[in-house]
Amino acid sequence: MPAGQYFVTKIHKITHPFFILEGDVSVVTEEGFKRIRGPYYGITKAGTKRVIYTHADTTWVTVHVTKETDLKKIEEELIAKDFSEMDNILDSKNGVCKGVIK
(Lines give C-alpha, C1' and ligand atoms only; values in the text may rest on other atoms or scores of the structure.)
Protein backbone atom coordinates (compact mmCIF):
# COMPACT_ATOMS: atom_id res chain seq x y z
CA MET A 1 0.00 0.00 0.00
CA PRO A 2 1.56 3.32 -1.02
CA ALA A 3 2.28 6.02 1.57
CA GLY A 4 -0.25 8.79 2.08
CA GLN A 5 -3.34 6.73 1.18
CA TYR A 6 -6.57 5.87 3.00
CA PHE A 7 -8.08 2.40 2.68
CA VAL A 8 -11.43 1.06 3.90
CA THR A 9 -11.46 -2.70 4.29
CA LYS A 10 -14.32 -5.09 3.71
CA ILE A 11 -16.16 -6.79 6.58
CA HIS A 12 -14.36 -10.01 7.44
CA LYS A 13 -16.59 -13.03 8.11
CA ILE A 14 -13.85 -15.19 9.62
CA THR A 15 -11.18 -14.60 12.26
CA HIS A 16 -7.73 -14.78 10.62
CA PRO A 17 -4.09 -13.69 11.05
CA PHE A 18 -2.46 -10.74 9.34
CA PHE A 19 1.13 -9.58 9.02
CA ILE A 20 2.58 -6.13 8.38
CA LEU A 21 5.93 -6.99 6.85
CA GLU A 22 7.08 -3.38 6.57
CA GLY A 23 5.61 0.08 6.81
CA ASP A 24 3.76 2.40 9.14
CA VAL A 25 -0.05 2.66 9.35
CA SER A 26 -2.79 4.14 11.49
CA VAL A 27 -5.74 1.80 11.88
CA VAL A 28 -9.23 2.66 13.10
CA THR A 29 -11.76 -0.06 13.95
CA GLU A 30 -14.83 -0.30 16.13
CA GLU A 31 -12.36 -0.96 18.97
CA GLY A 32 -10.48 2.34 18.50
CA PHE A 33 -7.33 3.83 16.98
CA LYS A 34 -3.91 2.17 16.76
CA ARG A 35 -0.65 3.08 15.02
CA ILE A 36 1.33 0.05 13.84
CA ARG A 37 4.83 -0.20 12.42
CA GLY A 38 6.13 -3.35 10.74
CA PRO A 39 7.20 -5.95 11.33
CA TYR A 40 4.00 -6.79 13.20
CA TYR A 41 1.45 -9.59 13.35
CA GLY A 42 -2.08 -9.68 14.67
CA ILE A 43 -5.46 -11.34 14.50
CA THR A 44 -8.46 -9.91 12.69
CA LYS A 45 -11.67 -10.92 14.48
CA ALA A 46 -14.75 -11.88 12.47
CA GLY A 47 -16.93 -8.82 11.93
CA THR A 48 -14.00 -6.39 11.69
CA LYS A 49 -13.98 -3.48 9.25
CA ARG A 50 -11.05 -1.04 9.29
CA VAL A 51 -10.04 2.38 8.02
CA ILE A 52 -6.29 2.47 7.37
CA TYR A 53 -3.99 5.41 6.67
CA THR A 54 -0.48 4.65 5.41
CA HIS A 55 2.26 6.90 6.77
CA ALA A 56 4.85 4.97 4.72
CA ASP A 57 4.76 2.40 1.92
CA THR A 58 3.37 -0.69 3.65
CA THR A 59 3.26 -4.41 2.88
CA TRP A 60 0.25 -5.95 4.66
CA VAL A 61 -0.46 -9.67 4.22
CA THR A 62 -3.76 -11.26 5.22
CA VAL A 63 -4.09 -15.05 5.51
CA HIS A 64 -7.35 -16.93 4.89
CA VAL A 65 -8.08 -20.64 4.78
CA THR A 66 -10.31 -21.82 1.95
CA LYS A 67 -10.72 -24.78 -0.33
CA GLU A 68 -12.07 -22.56 -3.10
CA THR A 69 -10.01 -21.42 -6.08
CA ASP A 70 -12.58 -19.16 -7.77
CA LEU A 71 -12.11 -15.55 -6.57
CA LYS A 72 -15.86 -14.78 -6.60
CA LYS A 73 -16.58 -17.84 -4.40
CA ILE A 74 -13.68 -16.96 -2.09
CA GLU A 75 -15.04 -13.43 -1.62
CA GLU A 76 -18.56 -14.78 -0.94
CA GLU A 77 -17.09 -17.12 1.68
CA LEU A 78 -14.86 -14.56 3.42
CA ILE A 79 -16.46 -11.11 3.00
CA ALA A 80 -19.80 -9.97 4.42
CA LYS A 81 -21.95 -7.67 2.28
CA ASP A 82 -22.95 -5.67 5.37
CA PHE A 83 -22.99 -5.98 9.16
CA SER A 84 -26.49 -7.51 9.22
CA GLU A 85 -25.03 -10.56 7.47
CA MET A 86 -22.74 -11.04 10.49
CA ASP A 87 -25.78 -11.77 12.70
CA ASN A 88 -26.15 -15.07 10.85
CA ILE A 89 -22.45 -15.88 11.19
CA LEU A 90 -21.50 -14.93 14.73
CA ASP A 91 -22.77 -16.46 17.94
CA SER A 92 -24.26 -13.43 19.68
CA LYS A 93 -22.93 -14.50 23.09
CA ASN A 94 -19.24 -14.67 22.29
CA GLY A 95 -18.65 -13.60 18.67
CA VAL A 96 -17.58 -17.10 17.61
CA CYS A 97 -17.96 -18.11 13.99
CA LYS A 98 -20.83 -20.54 13.35
CA GLY A 99 -18.92 -22.61 10.79
CA VAL A 100 -18.72 -20.50 7.65
CA ILE A 101 -15.87 -22.50 6.10
CA LYS A 102 -17.15 -25.56 4.25
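Side notes on the structure shown:
- Phi angles across region 8-21 convert, under the Karplus curve 6.51 cos²θ - 1.76 cosθ + 1.60 with θ = phi - 60°, into 3J(HN,Hα) values of 10, 7, 7, 8, 7, 7, 10, 5, 7, x, 9, 9, 9, 6 Hz, Gly and Pro given as x.
- Scanning residues 5 or more positions from ALA3 or on other chains, those with amide H under 5 Å from its amide H are ASP57, THR58, with H placed 1.01 Å from N in the peptide plane.
- Ligands, DNA and RNA are left out, and with a 1.4 angstrom probe the accessible area of the chain is 67 Å² per residue.
- Taking each residue as 0.36 nm, the span from HIS55 to LYS73 lengthens on full extension beyond its C-alpha to C-alpha distance by 3.2 nm.
- Under 5 Å between amide hydrogens, built in the peptide plane, is the criterion, and for LYS13 it picks out GLY47, ILE79, ALA80 among residues at least 5 positions away or on other chains.
- Overall shape of the chain was characterised from the C-alpha gyration tensor. The equivalent ellipsoid obtained from it has semi-axes of 25, 16, 12 Å, in decreasing order.
- Cut-off 20 Å (backbone N to label point 7 Å along Cα→Cβ of GLU85), residues of region 2-28: 7-17
- Label-point separation, THR62 to GLU31 (7 Å along Cα→Cβ), nm: 1.5 nm
The values are calculated or read from the model by the stated rules, or taken from the named source; none is laboratory data. Quick caveat, the model's predicted, so the values are computed rather than measured. Methodologically, a virtual Cβ is constructed for each residue, glycine included, from the backbone with ideal geometry; neighbour enumeration extends over all protein chains shown. Side chains are part of the model used for accessible areas, which takes the heavy atoms of the whole protein and leaves out ligands, DNA and RNA. Shrake-Rupley method; radii C 1.70, N 1.55, O 1.52, S 1.80 Å.
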